[in-house]
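Some notes on the structure that comes next.
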Amino acid sequence: MENKRTILIIDDDDALRIGLAATFQRKGFAVVLAGNGQAGLEKARAAVPDLIICDVMMPPPDGFEVRRLLSQTPPLASIPFIFLTARSGIEDRLSGIDNGADDYIVKPFDPKELVARVESVFRRVNLEQARGRDQMKALADQELEKFRQEVLQNFHHELRTPLTNIMLPLEAALKQKFSDPEEQVRFLRTALLNADRLESLMTDFILLTNLDQGNLNMVRQPIDVETQILAPARRRLQRYEEKHIQLITHLSVQGQINAPRKEFTHIILHLLDNAFKFSPQGGSVELSISSDPGGNTSVGVSDQGPGIPVGLREKVFERYYQRSQGNSREYEGLGVGLPLARAVIEKWGGRLLILDAPVGCRIGMYLPAQAPGEPAYG
């Protein structure tokens, strides 16, 4: 059933107040009554009516003062307001409108006219609300389209850049005769690094698709820290060779780490990649990996970069958040690394948090040990 609109009637004339209540109730409205301005303020705060009808000439606070006080309370300021008064002068009418009234009705009046005025106000309110919803929808559509264009632009950039940096060195290696073998190696290494970057991007989209479709790999395998984590980490660091970043590792592996192998490596590389990306020239990044005898695993990544303000610590876990760069493209990436890492680790029953750190940013990740009955291989 549709909710009834509520009308608050504030008037110190008992007979008029009761008569208006009966009139509006017959028209299907819910009615709240107040016999003076102070009671009207209290009833307005308690009921938050859809419309207020208020006499002007009452003991303090009078109708004008009631309207003024309500206008200072955000939830009540926008409630439509109709003044009732015995004052019929043009200045009195203008004063009522200036005080924020939606209408001004002079006593004596025909109750049918008052009902018609009230219904007219509600029609105007409905129209304004519909127009507001249309405007909000239009704005939301504009923002969505802007977001879509930025994501597509960034996606094109993230695909084209490594693809170009693969093709050009390979083409040069085929067409040129290198007198210096080391120069040829540099060309081939550039192609290999960008092929790795392109492969990482494709893995991102595969994992995002798997997450959205509920197909994430849950099969745990034994993790060899050197082969599956440290060696890929050192290769990833080569992308930032010009920054001369030092990778410092802290290992305390007491129990076997078991996790979906490729996905586990990938999300750790994302955490490291963010740390390398935001680290200053000549800075250091620390990677800590520990497991207890039962196999519960903790991973920490710390850098010396600008860090993440407390107010943005959840915002950065929204997909494509990095779009806020606009066209500047100061940092590579689509803004899916942290959201992807958290979503994957949580699917495995773990946690990923941004922790307090005196300098830079520190990410903490926890993966519980393999539970009995969980799918495993090897």
Open item on the list: Quick check: convex hull over the Cα atoms of the range 227-271, volume per residue in Å³, rounded to an integer?
Closed with: 77
- [ ] Give the accessible surface of the chain per residue, rounded to a whole number of Å², with probe radius 1.4 Å and ligands, DNA and RNA excluded.
- [x] 55
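Quote the FRET efficiency, to the nearest 0.05, computed for residue 235 versus residue 313 with a Förster distance R0 of 45 Å and r equal to the Cβ-Cβ distance.
Computed FRET efficiency for residue 235 and residue 313: 0.95.
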Open item on the list: List the trypsin sites (Lys or Arg not before Pro) within the range 169-230 that DSSP assigns to loop and that have no more than 12 neighbouring Cβ atoms inside 10 Å.
Closed with: 177
TODO: Using every Cα-Cα pair within the chain, state what percent have a distance larger than 35 Å.
DONE: 53
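Restricting to DSSP H runs of at least four residues, report the calculated mean residue ellipticity at 222 nm for the chain, -39500 (n - 2.57) per run over all residues, nearest 500 deg cm²/dmol.
Roughly -16000 deg cm²/dmol at 222 nm, from the helical runs in the chain.
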Open item on the list: Can you compute log10 of I(q)/I(0) for the range 171-251 with the Debye formula, treating each Cα as one identical point scatterer, at q = 0.11, 0.15, 0.21 Å⁻¹?
Closed with: -0.50, -0.82, -1.11
Open item on the list: Taking the full set of protein chains and a 1.4 angstrom probe, give the accessible area of residue 109 in square angstrom, rounded to the nearest 10.
Closed with: 40
Task: Mean shadow area of the range 191-230 over all directions, Cα convex hull, nm² - done: 3.6
Task: Helix axis angle, 181-213 relative to the chain longest principal axis, alpha carbon, degrees - done: 40
Task: Heavy-atom accessible surface of the chain: percent carbon and sulfur, 1.4 Å - done: 53
Open item on the list: If I model a spin label at residue 226 and residue 205 as a point 7 Å from the Cα along the Cα→Cβ vector, what separation in nanometres do I get?
Closed with: 3.7
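To the nearest 0.05, what FRET efficiency results for residue 262 and residue 184 with a Förster distance of 30 Å applied to their C-beta separation?
0.45
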Task: Rounded to whole Å, sorted largest first: equivalent-ellipsoid semi-axes of the range 163-207, Cα gyration tensor - done: 26, 10, 5
- [ ] Working from Cα positions, state the angle (0 to 90°, nearest 10) between the long axis of helix 14-26 and the longest principal axis of the chain.
- [x] 60
Open item on the list: What whole-number volume per residue, in cubic angstrom, does the convex hull of the C-alpha atoms of the range 210-252 give?
Closed with: 121
Task: On Cα atoms only, tilt of 337-347 relative to the major axis of the chain in degrees - done: 90
- [ ] List the pair-distance distribution P(r) of the range 182-326, using every Cα-Cα distance, as the percent of pairs falling in each 10 Å bin from 0 up to the bin containing the longest distance, rounded to whole percents.
- [x] 10, 33, 39, 17, 2
TODO: Among the listed pairs 4/107; 175/277; 137/315; 27/107, give every one whose C-alpha distance is greater than 25 Å.
DONE: 4/107; 175/277
Open item on the list: I'd like the per residue volume of the convex hull spanned by the Cα atoms of the range 242-374, given in cubic angstrom.
Closed with: 113
Open item on the list: Assuming 0.36 nm per residue, please report the length gained on full extension of the stretch residue 112 to residue 215 beyond their Cα-Cα distance.
Closed with: 30.6 nm
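The values are calculated or read from the model by the stated rules, or taken from the named source; none is laboratory data. Because the structure is a prediction, the values reported are computed rather than measured. Neighbour counts run over all protein chains shown; Cβ positions are idealised from the backbone, glycine included. These area figures cover heavy atoms from the full protein model, side chains too; ligands, DNA and RNA do not enter into them. Shrake-Rupley method; radii C 1.70, N 1.55, O 1.52, S 1.80 Å.
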